[in-house]
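Okay, structure first, notes after.
Derivation of every value follows stated rules applied to the coordinates shown; laboratory data play no part. Quick caveat: nothing in here was measured; it's all calculated off a predicted structure. When we count neighbours, we look across all protein chains shown, and the Cβ atoms used for this are built from the backbone with ideal geometry, even at glycine.
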Amino acid sequence: MIDGLKPYPAMKDSGVPWLGEVPKHWTVDRGKTLFRCVDVRSSSGEEELLTVSSAHGVVPRSSVAVTMFKAESYIGYKLCWPGDLVINSLWAWGRGLGVSRQHGIVSSAYGVYRLRPLYSRYPAYIHELVRSTPFQWELQVRSKGIWISRLQLTDEAFLGAPFPVPPCSEQAAIVRFLEHAAHRIRRYIRAKQKLIKLLEEQKQAIIQRAVTRGLDPDVRLKPSGVEWLGDVPKHWDVRRIASFSPKITNGWVGPTRDILKEKGIPYVQSLHIKRGKIRFEKKYFVDAQWLERHPKVRLRQGDVVVVQTGDIGQVACVTQEFDGAGCHALIIIRTDLRVVGGEFLDLVLRSRYGYESLKSIQTGALHPHLNCTWVREMFIPVPPIREQTDILRAVFEATQSLERAIEDAERAVLLLRECHTRLIADVVTGKLDVREASAQLPEATEAPEVSEEADSPGEAEYADGADTDGMPEEEAES
């Protein structure tokens, strides 16, 4: 499908740095030519509440479980209609925008723009364009502010942006092609995600057996007296976490907008805790002076960090790479190494027993949340220190091949997403001609989806509060 695509036969210079050459028959028009601002307010406040996010575009709040910043009344809030472009002015540069598919209420601080009649036939093309990687450069340049988290896109700045505009029939071909490509890519990704889930279940079964029964199949057992734990080896202890932890505390739970820096000391958040590791792909930093004033949130190698809000059950042991890092809204558990090693506690908390135990003590139906006090009271099977080391080694050896297979599948998913991102960018900016390919496609068979991920995320992308990670708070306001 993609390999057969070719460039357009005749190109011209667009005069726009991020756009480069465009097909000769395309135009490049300013936003004010395509759009007009819309500011219609709700008189009842009873329309469906919508939200704008970098992950999903414009969707119902209920579909992404946004529960923050609720108002007593939504009378006077802005309204949008199907085909309107809605922009979070403080997050436009981070893909906080999209064309709405429905009528509803959005934040009064958002920009709502309606395509003029000459350009209104294919708003889906505009949706793909404004959320594409190349267009993000334009949005970031036009968003002004002192810090990246304070950048704001005004109506005037947005309406001055250049837009590549194909003929209407070509916009339809582009939309048709990209929807078909998205359907196929989602299908491939779902298959890989199912494989990852199966492999994870196999790995968790190995961990569960090792941390609750040990390595000796003939060992004598005794009742643990703890729900979900069952019998444990007779020579093991079963102890409260508080009994072997000199430190159980929270990471920073205040606003992060004014403390995050472009470089400095790593600042670990819940979005970084995935599959038992700290994965610092999306990087956040704080300066050393701030961390010196907040020593409680500084991590040490061997500490166990537990996601406190959102994706309950995600746990990791701090490696040497993150020794001295700060952390946000995570529970930090430091162990007495004479009793329990951090790596072993991490393994127990990642077992089925640990997962169910953490889930059982979470509070809040809409905003699942862990409290340090309850985590302190969790019971943990405690083998002798030497046996903990043997168990860690055995689990590593038994799960190594599974881990490699999971990583291969994750890399495949990442590659598929990167290819999809690049494909969208090349098609909406006129680098690839999809007219012929689009004409040969079958009729669409799949309804649009919010996301192929169970990410959470609104993808856990917020960062201004105890239960948010990585985005300005306005992202959740819708």
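Structural remarks
- Percent antiparallel among DSSP beta bridges (both partners in the chain, rounded to 5): 95
- Global form of the stretch 315-420, assessed from the alpha-carbon gyration tensor, a/c cut-off 1.5: oblate
- Long-range amide H partners of residue 253 with built H, under 5 Å: 329
- Long-range HN-HN contacts of residue 380 with modeled amide H, under 5 Å: 239, 240, 241
- Taking every DSSP beta bridge that has both ends in the stretch 235-382, the antiparallel portion is near 90%.
- Between the stretch 229-294 and the stretch 160-213, the alpha-carbon center distance in angstrom: 29
- The stretch 39-98: GluC sites (Glu not before Pro) falling in loop per DSSP and having at most 11 other Cβ within 10 Å: 46, 48, 72
- The amide H of residue 313, built 1.01 Å from its N in the peptide plane, has 307 as neighbours under 5 Å, considering only residues 5 or more places off or on other chains.
- Cα centroids of the stretch 76-114 and the stretch 1-36: 25 Å apart.
- Whole-Hz Karplus values for the stretch 220-230 come out as 6, 10, 9, x, 7, x, 10, 4, 6, 8, x Hz, taken residue by residue from phi with 6.51 cos²θ - 1.76 cosθ + 1.60 and θ = phi - 60°; glycine and proline positions read x.
- Links that overshoot a 23 Å alpha carbon limit, given the list 247/277; 32/78; 261/282; 192/431; 247/283: 192/431; 247/283
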